[in-house]
Each structure stands twice: as C-alpha cells, then as structure tokens.
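The values are calculated or read from the model by the stated rules, or taken from the named source; none is laboratory data. As the structure is a computational prediction, the values presented were derived from the model and not from experiment. Methodologically, a virtual Cβ is constructed for each residue, glycine included, from the backbone with ideal geometry; neighbour enumeration extends over all protein chains shown. Remember, those area values only see protein heavy atoms, side chains included, never the ligands or the DNA or RNA. Shrake-Rupley method; radii C 1.70, N 1.55, O 1.52, S 1.80 Å.
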Amino acid sequence: MPEATPVDKINLVEGFKAELIYSVPKIEQGSWVAMTIDNKSRMIVSDQYGALYRFPTPALGETLKDSAVEKIEIDSGSAQGLLWAFDALYVVQNTADMGGRGIYRLTDSNGDDKLDKKELITKFEDIGGEHGPHAIVKSPDGKSLYVVVGNQTPMPSFDKTRVPSVWGEDNLLKRPIGKGFMKGTFGPRGFIAKLDPDGSNFEIINTGYRNQYDVDFNEFGDMFTYDADMEWDMNLPWYRPTRINHAVSGAEWGWRNGGAKWPERWPDTLPATVDIGPGSPTGVSFGLGAKFPAKYQRAFFAADWSYGKLYAVHMEPSGASYKATFEEFMSAQPLPLTDLEVNPTDGALYIAIGGRRVQSGLYRVTYTGGESTDAIVAGELPELHKLRREIETYHEQKKGAVEFVWPHLGHEDRFIRYAARTALEHQPVGSWRNLAFSEENPVAKTQALIALARTGWESVGIEVIGSLDTIDKTKLTDAQLIDVLRAYALTYTRHDSEQLRLPRQGVTKFLEANMPFASMPANIDALEILVYLDSPKAASLGVNLLADTTSPTEQIALAKSLAHQSEGWEGDLRAKFFKWFTLAKGYKGGPSFDLFIADIKKNALANTPAAEQEALKEIIEAEPPSEPMFTFEPRSFQKNWTVEDFDDVLAVGLEGGRDFDNGRKMFGAATCYACHRFNQEGGALGPDLTSVAGKFSPRDLLVSIVDPSEQVSDQYGQMVFTMKDKSVVTGRIMNLAGDSVRVNTNMMDPNAITSIDRKRLESMEQSPISMMPMGLINTLSKDDTLDLLAYLLSRGNPKDPMFEQH
C-alpha cells in the first residue's frame, strides 16, 4: 500500500519528534482534510470527497491500525470543518451532495454511541468549489461557535453584523480583469461568523477575505486566521501573499475580484499581522494545551498545503494589535498539510495531510527536549487591547456610542482608529454628521468623513468634499495624506454622478501643485484621483512617475490609472507610455499577469485617437527585450563582482552617506523585484526581504547576492526529480493533484511549470544549488551595490506609510 511522506524526509525544529501513525488507504478511506477529537478522546476525520471516519487516538509511541478506523454510517461527509462540541459533531459540508453545503449537527439519539441524527442548522448556497465553507471552532467562552467561509460562498441571511453593512466595491476607476476569475462576483465575500449551538443568532464578525480556511484564539481570546493569496496575481500590485490576520471585530480585509483588491495602506481596511508568502493556507492552531515549551504553546501554527510547510508564527502585542515573526516548524516536499489538532489528553499536535485525492496520512508531533512544558498562564492584557475591545462593544447601534468613540477617531494607533470609525458607522448618521464637519483634528476629521462618505445619503458628498478641502494637507504625514486621498476617492466613488457632480477644483489644484510626493503609494492614489477628475496634468505627472520608478508593481499601478486618461498627452508622452507597455510585456508573473497587462493596454488604446495610434504603430506593436528590464534605459555590464571587491567598505560599515533612493532603484535594476517582496511590493517566489536587517550583516547579505548557493534555505530550496527514464527536472513543488506534482522550474517566471507524474518518479532529493541566478548585480557600479545593501538593511525608507501601520 502506498505510504504518506516518511518522517526521515521531514524537516522539524530541533527538540521535537514526528511520528507517522497512519497512512490512509486511498481507495477505501479517501484523502483526509478535516479532523476533531470527541468527548471520548476519539479522533473523527473526513475525506474531502466522501465519508466520515472515527477511531481511538493511539497511545504515544503507537501507530493506528487500519482495523481500528470505523466508518460513521450516516449521510454526511465531504467536510472541510469538523468540531465536537455541546455533545454533538458539527460538520461543515462543502458539497452539493448529502443535503448540500451547510453546517450540520450530528447527534446520538438513543445512547448507542452511534451518530444517527442529522440536523441542518445553517444553509449555504450550493455554488462554488474549494473556496466555500470551511472550519468551525468553539468560542473562547465555550458558549458559541465560529464558522469560516471562503469567497465563493455568498453570505447567508444574518441576524447581526459587526461589519457595517454599507459595503461596496469602492474603486474609483474601472478594474482590469485578467482571466476573469470570479468576474461579476462582488465583495466583500470571504467571512467569519459567530452563531449559537443551534445555528441561531448568526452574526458576521469580519469579512473581505479571499479563502481563509481555519481560525483559532490565543491565550487572550484574540482570533487569528491565515488567508490565501491569488497566485494568478503574482508580481501585480494587487497581489497579496498568504498572510496572518488578526481577525478583529468589524474588519473588512478588502478582497475584490480582478485588479480591484484594496491595498493595506487604505484606512478602510487593516494590515496583516505578518505576510507569509505564496502558498495554500489550510489548518491553523495555537499550541495551547500542547506539552510544548512556552514559546510553542503561544505559537500560532499555520499549515501551507501546496509547499508542504507548517509555520510557527510568534506574536507579541504591538499597539492595539500584534506584530509577528515566523519560522518553518515542519516541512517536506511533498507534505500537503490539511488540518491540525492539539490533543489535550496526551499533549501532542496531530497533523493530517491529504486533499485533492493525494496520498493522505496522520502524524503526531511531540516535544522531546529539556525545556519546561508546564502550561502557560495568560499575562495582563495590554491597555490598548483593552481600549480596542471596549470600543468594539459599540459595533452595533448603542446608546452613548458617539460620545465614547469620538475621542478615539484621531488615536495614533491604526486599530483603535479603525474600531472607532466602525463603531461610528453603526450609529444613526444624524447623531454625528455635524461633528464630522466641525472636527478640527485632521486625523479624526478624516476618519469621520470616511464614515460619512460610506454611510451618508447622496447629497452629503458635496459637504464631505468641501470639508476635506479645508484640511491643510501640507502638514500631514505620508500615511495621513493617503487617508485623506482615500476619503476623497470614497466620496467620489459613492456620491459623484452625472446628476450630482461633486466639487473638483480644490483637490485637483492641490495635487497638481504638490505632486510628486515623497511616498510612491501616495502618488499612486493621487494619480488615480487626477485621472478620474480629468486633470490635464495627469498624463505628464503619471509618465514622469512611471519613468522614475524601477518597481514593476508601482509601474503597473500607475499605468492602470494612466490608461484611462484621455487628455493632456502633449509631446512624446504617449510614445513613452506605450514604450512602457513594450517593457511590461517582458515582465513575468502569475497566470493572469499577461492578460492584466493586455487589459490595461486595451484601456489605453481606447483612450488614444486613431490617428495617434497609427503614428505610434511601430512602438505599440514592438516586441519586448529578451530579458526583463525594469527601466526605460538599458544598463550595461560593469563587473563580475566578488565579495572581496567590497572588503574595503564593509570592513568599516555602511553607516552614513548612502543614497537610499538610488538603492531602491537598484533593487529594480538588478531585477530583485522579479522574485522578492520588500515593503509589500515585488515578487513572491523568493523570500520576503523586508526583515533582512535583523538577520544579516552587510557582508552576509552581499554573500547571499553574489553567491546564492553558499547557503540555501530549506524554505526556498529546489528539488531534483529524477524520473525512471533518467530524465531530470529541477525546481520547487507548487501544487499537487492526485498523482501529479506541479513544479516551478524558474523562480523569475511563476508560469514556468512542469507537471510530474509520481508513478514515473524514481527519486526526489534536495538540490544544493539555489534557484536564484548569479551575476544579478553585474550591471551595478560599486556605489550602486552599496546603496542597494544600505537600502535593504535600513528596511527601506522609514518615511514610507507602510512603516506607520500601527
């Protein structure tokens, strides 16, 4: 019988032991994707496309015998969420069969220890696929349930919502569509809801996810989830890597279809606790209840199905939320992780692999080191967390809400401001409308006007724009300016119309006079507004910004707006713009990348007169360079640099005198953006470099650039697949399906995928050679390279609004 990945192929943090306790017979028992432990310490599991099974949890050191696995004889299964609670098995079915998608409660009606009664307590629409209803968990107080639902399932009717139900698409300009995945499906979609054990009092807690699969609570009762990326969007400005979200009350995480996803910088959404990278999130669990050292009891374990990695995310309070780092706790290729369960009886972490009909298995992880495994005790809740929670009690219409939350609209902490604005939006507009206009603090005023733009009646738009015009924008930080620009955009999006044209002159005059700003995100948002308002200066400002940045994601974000501009194309501006499309055609990204670029170009052509199209025909139809080039001007070879060439400088350090702006440009010139993210932009197949300052010295960082194979991280290493016919494929596993393994063979091109039939595979070994090519800095001068190192080790520009998230 085929076996699951053997433990000698699994990488595990030192001090822990993994046991393969069961290889699931695929034909008889399918591929397991969900599990729970019942009141008799038995484990209950579900095949993704079939039945439920039950078995006694094997004692430590023992394996599970096939004869001990009992099929539960009831018409239920295909569950992506299981929970034993309130003397019942809750089953979240993600199938149109067996009664359809929904939450079912299975009970034993006659005391014979057999689940024989099935009740539907919440119905979901029978549409969608794997982005449907997922996990179900018990609330920290043990009185209710939380259910996790992905973005292909519409919200059912609900009794309450902590997210103000005034949601909209909220994009100022027409979105590019790409492949059209979920075209016509409007946000917010993916959500987490709370309900009573009988299914009543269904309450939306937060929404706007793509495909979060599971959820858990830390020792303070704060909820966290692991949301999915859209791999088709890789290397596009709206790509969002898989990420850990602090799932606070009222949060709207901004998923929208196509190129309309909200960036984290916008004030009507919230930032992730930490970005992880590309992957397929599945089960999550805090280590609470495990006989692990304190660090790992507090850790948030997050499973990535496609890359076979179990991350341990280590959090600490930061303001009213958290900040986090993560490590690879357990990994192998393949190791398609599906669900996690801490068994409070034996203190072990149980881990299932399977899904999409691949070989399934059950593992047990225990701690074998010398540290104490005594149960942790929750400390004192930080004061800002207490304040946020108190504000969140007003996430419903409630007496005294306006008086309590108003002083916190201008709070320095972003999560406090967000909670306060959300509470305000739940209250009758008439009770606070005039306060918004009379508020003098520009931060509080902006938040109040955002709330008014989202909740106010149509005619309020004129007053909101007029009030925004009174804010002295020259005295704002970059992050505050972005908030004001978003307030303008929301107001125009929701209240501007042919029948009621809102004022334009104030913001147009300010932006034309003050662009470009120091912050590129502010420039991107400002350009979108200028294009919407038909500013004749938008073309020149946009093209100059386009030429000045070497970040392809920033270029695409600017081009997305510029494509809708019809006026102001003087001199050679249009020629420069269409030359950019030639460069962009050579960029690499996910499966939708080329289609998105083509869609943006289509919009640009629609706004270009036929005569000009004819005059620019040669440029418009030009082919891209053979290698990706992120600058208008080609770069020439400088030198085949070695680490020793920099010893004279690195010996005394990089302090002082380095040009961060040039370092940022060199990050693009050296094509780093093709694979790496930095400050939430760039590619995703390589490691995120935002935190290298805390991990590398200047010399170590240079070594990793000049000789990337000097030390290859398991997390980003590639495998050598030798076939039975002796042919060889080298790359990273990206996805699995049955006996097929999909491998990326070029990290600079996410679309370079080779499919491998595991039945033809002879061996699979870790490669000592990095996927990162050598010589990437050979077109840079010595000063350029030093500026690049300084930029990365400084964590970029500390004035960037991304550094003001909390």
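Of all the criteria given as (1) touching a residue at least 40 places away in the same chain (Cβ under 8 Å); (2) of a type in the set (A, V, I, L, M, F, W, C); (3) more than 15 Å from GLY410 (Cβ to Cβ), the one not satisfied by TRP457 is (1).
The set of residues in region 491-518 that are more than 17 Å from GLY168 (Cβ to Cβ) and in a helix (DSSP H, G or I) comprises GLN505, GLY506, VAL507, THR508, LYS509, PHE510, LEU511, GLU512, ALA513, ASN514. Count of region 397-425 residues, restricted to those that are outside any helix (DSSP H, G or I), crowded, with 17+ Cβ neighbours inside 10 Å and either of a type in the set (A, V, I, L, M) or more than 28 Å from the chain's Cα centre (by Cα) (or both), is 1. Looking only at region 38-72, residues that are out of contact with any strand residue (DSSP E or B) (no Cβ under 9 Å at 6 or more places or on another chain) and more than 16 Å from VAL92 (Cβ to Cβ) come to 2 in all.
I need a count of the residues in region 281-332 that are without any contact (Cβ under 8 Å) to a residue 24 or more places away in the chain and over 20 Å from the mean Cα position of the chain (by Cα). Write out each step before concluding.
If we filter region 281-332 for residues that are without any contact (Cβ under 8 Å) to a residue 24 or more places away in the chain, which is where we start, we get 295, 314, 316.
Checking the rest, the ones that are also over 20 Å from the mean Cα position of the chain (by Cα) come to 295.
Going through region 281-332 one residue at a time, the tally reaches 1.
Between GLY111, GLY178, the distinction of being over 16 Å from VAL248 (Cα atoms) and modelled with pLDDT under 95 belongs to GLY178 only. Condition first: open to solvent by less than 60 Å² (accessible area, probe 1.4 Å) and among the charged types (D, E, K, R). Now tell me which residues in region 498-528 satisfy that. Result: ARG504, GLU512, ASP525, GLU528.
Would you mind stating whether LEU387 is aliphatic (A, V, I, L, M) and part of a helix (DSSP H, G or I)?
On the way: aliphatic (A, V, I, L, M): yes; part of a helix (DSSP H, G or I): yes.
For LEU387, the condition - aliphatic (A, V, I, L, M) and part of a helix (DSSP H, G or I) - is met.
The residue list ALA563, ALA575, ALA557, ALA584 contains one member that is among the small types (Gly, Ala, Ser), closer than 17 Å to PRO609 by Cβ and buried (at least 19 other Cβ atoms within 10 Å of the Cβ), which is ALA563. Starting from residues that are part of a loop (DSSP other than H, G, I, E, B) and under 27 Å from GLY683 (Cα atoms), keep the ones in region 644-671 and report whichever is least open to solvent (accessible area, probe 1.4 Å). Top of the filtered list is ALA670.
So which residues in region 241-253 are part of a loop (DSSP other than H, G, I, E, B) and farther than 14 Å from TYR418 by Cα?
Step one: of region 241-253, the residues part of a loop (DSSP other than H, G, I, E, B) are 241, 247-251, 253.
Hit for region 241-253 is PRO241, nothing else.
With respect to (1) of a type outside the set (A, V, I, L, M); (2) assigned to a loop (DSSP other than H, G, I, E, B); (3) surrounded by 15 or more Cβ atoms within 10 Å (Cβ to Cβ), the lone exception for THR122 is condition (2). Considering each residue of region 356-364 in turn, at least one proves to be of a type outside the set (D, E, K, R), within 26 Å of the chain's Cα centre (by Cα) and surrounded by 12 or more Cβ atoms within 10 Å (Cβ to Cβ). Kindly indicate whether any position in region 466-474 is at pLDDT 95 or above, touching a Lys or Arg at 6+ places or on another chain (Cβ under 6 Å), open to solvent by less than 60 Å² (accessible area, probe 1.4 Å) and of a type in the set (Asp, Glu). Scanning region 466-474, I find no residue that is at pLDDT 95 or above, touching a Lys or Arg at 6+ places or on another chain (Cβ under 6 Å), open to solvent by less than 60 Å² (accessible area, probe 1.4 Å) and of a type in the set (Asp, Glu), so the answer is no.
A count restricted to region 587-605 and to residues that are within 30 Å of ASN746 (Cα to Cα) and open to solvent by 10 Å² or more (accessible area, probe 1.4 Å) stands at 9. In region 148-171, the count of residues that are of a type in the set (Phe, Trp, Tyr), open to solvent by 30 Å² or more (accessible area, probe 1.4 Å) and touching a residue at least 12 places away in the same chain (Cβ under 8 Å) is one or more. If you take the residues of region 183-199 that are in a loop (DSSP other than H, G, I, E, B) and at negative phi, which of them is surrounded by the fewest Cβ atoms within 10 Å (Cβ to Cβ)? Among them, the one singled out is LYS183. One residue alone among ASP749, ASP784, ASP739 is modelled with pLDDT under 85 and more than 17 Å from GLY683 (Cα to Cα), and that residue is ASP739.
Tell me whether region 587-594 contains one or more residues that are within 22 Å of LYS665 (Cα to Cα) and either at pLDDT 95 or above or not in a loop (DSSP other than H, G, I, E, B) (or both). Outline the logic, then answer.
Of all residues in region 587-594, those within 22 Å of LYS665 (Cα to Cα) come to 587-589.
Still in the list and also either at pLDDT 95 or above or not in a loop (DSSP other than H, G, I, E, B) (or both): none.
No, region 587-594 has no match at all.
When only residues in region 1-34 that are among the charged types (D, E, K, R) and open to solvent by 70 Å² or more (accessible area, probe 1.4 Å) count, which is farthest from SER78 (Cα to Cα)? Explain how you work it out, then say what you get.
Within region 1-34, the first condition is being among the charged types (D, E, K, R), and the residues that meet it are 3, 8-9, 14, 17, 19, 26, 28.
Adding the requirement that they be open to solvent by 70 Å² or more (accessible area, probe 1.4 Å) leaves 3, 8-9, 14, 17, 26, 28.
On the way: GLU3: 22, ASP8: 31, LYS9: 29, GLU14: 36, LYS17: 31, LYS26: 15, GLU28: 15 Å.
Applying the filter and picking the extreme gives GLU14.
Applying the condition of being open to solvent by 20 Å² or more (accessible area, probe 1.4 Å) and in contact with a Ser or Thr (Cβ under 6 Å, 6 or more places away or on another chain) to region 214-240 and asking which residue is nearest to ALA34 (Cα to Cα) yields ASP216. Applying a threshold of 9 Å to beta carbon distances and a minimum spacing of six or more residues, or different chains, the list of pairs starting in region 13-31 at a residue that is in contact (Cβ under 8 Å) with a residue 60 or more places away in the chain and within 21 Å of SER372 (Cβ to Cβ) and ending at one that is assigned to a strand (DSSP E or B) and of a type in the set (S, T, N, Q) reads PHE16/THR366; LYS17/THR366.
The residues in region 308-333 that are at pLDDT below 95 and open to solvent by 10 Å² or more (accessible area, probe 1.4 Å) can be counted, and the count is 1.
Checking the structure you have, find out if any residue of region 55-76 is within 25 Å of SER200 (Cα to Cα), hydrophobic (A, V, I, L, M, F, W, C) and outside any loop (DSSP other than H, G, I, E, B).
Going through region 55-76, the residues within 25 Å of SER200 (Cα to Cα) turn out to be 74-76.
Of the ones still in play, those that are also hydrophobic (A, V, I, L, M, F, W, C) are 74.
From the residues that got through so far, the ones that are outside any loop (DSSP other than H, G, I, E, B) too are none.
No, region 55-76 has no match at all.
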